[in-house]
Amino acid sequence: MFDSLLQAYAPLFVCISSGMILFRFIPANFSTRLGTLLYWGGVPLQSFMFGRRTELGGQTLLIPLIVMEASLLSMGLALLSWWGWQKFNHYNAQELSKQQQISPQRSLDVGAGAIFQTALPKEHVTRSRFGSFILAVMLGNTGFIGMTLANALIDPLYLDWAIIYNVSGIITYSLAVFIASYFGQSKTQHPWWNSLRDVLAVPSQWAFFVGLLSQDVKLPLLVESALQAMIWVVFACALLLLGLHLGSIKGWSHLELALIPAMLKVLVIPAMVGLTATYLGLTGEPRLVLVMMTGVPTGVVTLILAEVYNLDRELLTACITLTLIGVLVILPVWLAWLN
């Protein structure tokens, strides 16, 4: 198991740390251009090749249902955790007020009916922070970190499970776009069907279906080999982009709040998905794939949504960092328990 973990962790450490170092020496707009290139070129190429080697049928048809379960669990547990966090803060504020013989009363709209209150001066709860809290639990980095780990740790016979899980993530992404639109504060207000249009226009999902439908088309061996090699280039560039984002961190505010979605993302929801998979009769590698892909770190795509809809970028950045560390720690436990 040690050799497999070393093989899985090595590209993560090398590429992410390289990005953190290069951040100091590259132009400010480099990460934006790299992200755009990956979105329109690298990720669709990856999805196309995955579609060509994916076989649908049998137990793999359960994967979209598992993805939907994980999405609903993420939203539900995020809402409950947020409610508990606000109640805890409000109780502490009341106790502090009693001790100091003051009575600060501040009600803040959190986007769920303005039912929460807080008297902590440094915790101005807003709709955007609430939306970021939910997105941090929902959206995982399945396309890059998830597939990198799957390539290193999963038997090639079951790699299709990871690919289908990654593609099924469009379900989660669709929900995330609507959540970001609802809780965010975009400078320009758009009707809801614009969000639906954006979801349907994601190039990677169409590239996957093109690859799926072209499985019977034989490509020249040289072209096939070049495309397979490009997948690893896309992986490396995506991890480099993650390192660039981490290198841009200027502070670690909201770290305490970020611990809650990080624990849900890395521990609680993967464990519940693992129990569901066991109940459905899935064991061994298939169950490991589902748990591992569910528990990958919070995705960089959350920062893209944060830019578009003016969400809490600092909270999302803290969640990405904590979940990345958490996955590296918990992954050996998943391997030992599930495999």
Residues of segment 35-52 satisfying the condition of being touching a Gly at 6+ places or on another chain (Cβ under 9 Å) and not charged (D, E, K, R)
VAL43, GLN46, SER47, PHE48, MET49, PHE50, GLY51
Can you tell me which residues in segment 18-57 are free of Cβ contacts under 8 Å to residues at least 60 places away in the same chain and more than 22 Å from the chain's Cα centre (by Cα)?
PHE25, PRO27, ALA28, ASN29, GLY57
Residue check: is ALA271 touching a Pro at 6+ places or on another chain (Cβ under 9 Å), within 29 Å of VAL329 (Cα to Cα) and of a type in the set (Gly, Ala, Ser)?
no
For segment 128-172, what are the residues that are among the aromatic types (Phe, Trp, Tyr) and over 24 Å from HIS254 (Cα atoms)?
PHE144, TYR158, TRP161, TYR165
Do we find that THR32 is at pLDDT below 85 and touching a Gly at 6+ places or on another chain (Cβ under 9 Å) in this structure?
no
Where in segment 1-94 are there helices (runs of 4 or more DSSP H), lying wholly inside it, with at least 3 residues that are of a type in the set (A, V, I, L, M) and closer than 19 Å to PRO297 by Cα?
2-22
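Among LEU244, LEU322, which is at pLDDT 85 or above, under 13 Å from the mean Cα position of the chain (by Cα) and farther than 22 Å from ILE170 by Cα? So that I can check it myself, show each step before the final result.
Details: LEU244 fails: under 13 Å from the mean Cα position of the chain (by Cα).
Result: LEU322 is the single residue among LEU244, LEU322 that is at pLDDT 85 or above, under 13 Å from the mean Cα position of the chain (by Cα) and farther than 22 Å from ILE170 by Cα.
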Output the residue which, of all residues in segment 59-78 that are closer than 13 Å to VAL273 by Cβ, of a type in the set (A, V, I, L, M, F, W, C) and buried (at least 18 other Cβ atoms within 10 Å of the Cβ), is farthest from the chain's Cα centre (by Cα).
LEU62
So VAL296 ticks every box in (1) outside any loop (DSSP other than H, G, I, E, B); (2) touching a residue at least 40 places away in the same chain (Cβ under 8 Å); (3) not small (Gly, Ala, Ser) but one. Which box is left unticked?
(1)
Among the candidates ILE134, ILE145, ILE115, ILE102, which residue alone is modelled with pLDDT of 50 or more and not in a helix (DSSP H, G or I)?
ILE102
Please work out if VAL234 is modelled with pLDDT of 85 or more and surrounded by 14 or more Cβ atoms within 10 Å (Cβ to Cβ).
yes
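The values are calculated or read from the model by the stated rules, or taken from the named source; none is laboratory data. This is a predicted model, so every value here is computed, not measured. Here the Cβ is made from the backbone with ideal geometry for all residues, glycine too, and neighbour counts use every protein chain on show.
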